[in-house]
């Protein structure tokens, strides 16, 4: 299942209602950081863009789901923060090289259909990130207590709408070693890699020759 953006278009309104607060790990990453331009890649309803707006002069939000971008726009108006909203693929980020100083890329990479696309997406994020910039990346992990598997695997996870309809969403659930391997094969240098609340996280910066 590769049309995850269509899935999120269908569930965007209900999904946004359940995603009110930024993740503590993202807040911790951003604490004390500043930027001219920041990127929220796979921005969802804009909850992390709101935090980015507190430390950056300009925030760019990229998401493949136009439904979620509409939710992010509504949030930016209601909460009075500025963000440029761009429809785009995380494997082909529609920004020039070295365009951003700071980036958040959470809960999105695991929706890409195969390893080649996921590593390509990491490379794309490294491309648009300034050589002195930093990003935090997160994915679902086998360390989450909902999973029994020890190795990474593909699955679908149903989203249940208020009327009872279930909408399947594709996930690749990473094991921590696999996540580290994908990062090692990308154009990133890893500053820190850790597991928190069942998710794998990495703080990364573009590799330099």
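The values are calculated or read from the model by the stated rules, or taken from the named source; none is laboratory data. This is a predicted model, so every value here is computed, not measured. Methodologically, a virtual Cβ is constructed for each residue, glycine included, from the backbone with ideal geometry; neighbour enumeration extends over all protein chains shown.
Details
- Within segment 196-209, the set of residues being farther than 19 Å from residue 118 by Cα and either in contact (Cβ under 8 Å) with a residue 40 or more places away in the chain or in contact with a helix residue (DSSP H, G or I) (Cβ under 7 Å, 6 or more places away or on another chain) (or both) comprises 196, 197, 198, 208.
- For segment 168-197, a tally of residues being at negative phi and not in a strand (DSSP E or B) returns 13.
- Check on residue 159, surrounded by 13 or more Cβ atoms within 10 Å (Cβ to Cβ), in contact with a strand residue (DSSP E or B) (Cβ under 8 Å, 6 or more places away or on another chain) and modelled with pLDDT under 95: yes
- Selection of strands (runs of 3 or more DSSP E) fully inside segment 48-112 by the criterion of at least 3 residues being touching a helix residue (DSSP H, G or I) at 6+ places or on another chain (Cβ under 9 Å) and surrounded by 21 or more Cβ atoms within 10 Å (Cβ to Cβ) returns 56-63, 100-106.
- So residue 187, is it at pLDDT 95 or above and either under 18 Å from residue 5 (Cα atoms) or out of contact with any strand residue (DSSP E or B) (no Cβ under 7 Å at 6 or more places or on another chain) (or both): no
- Conditions (1) under 16 Å from the mean Cα position of the chain (by Cα); (2) closer than 19 Å to residue 97 by Cα: number failed by residue 208: (1)
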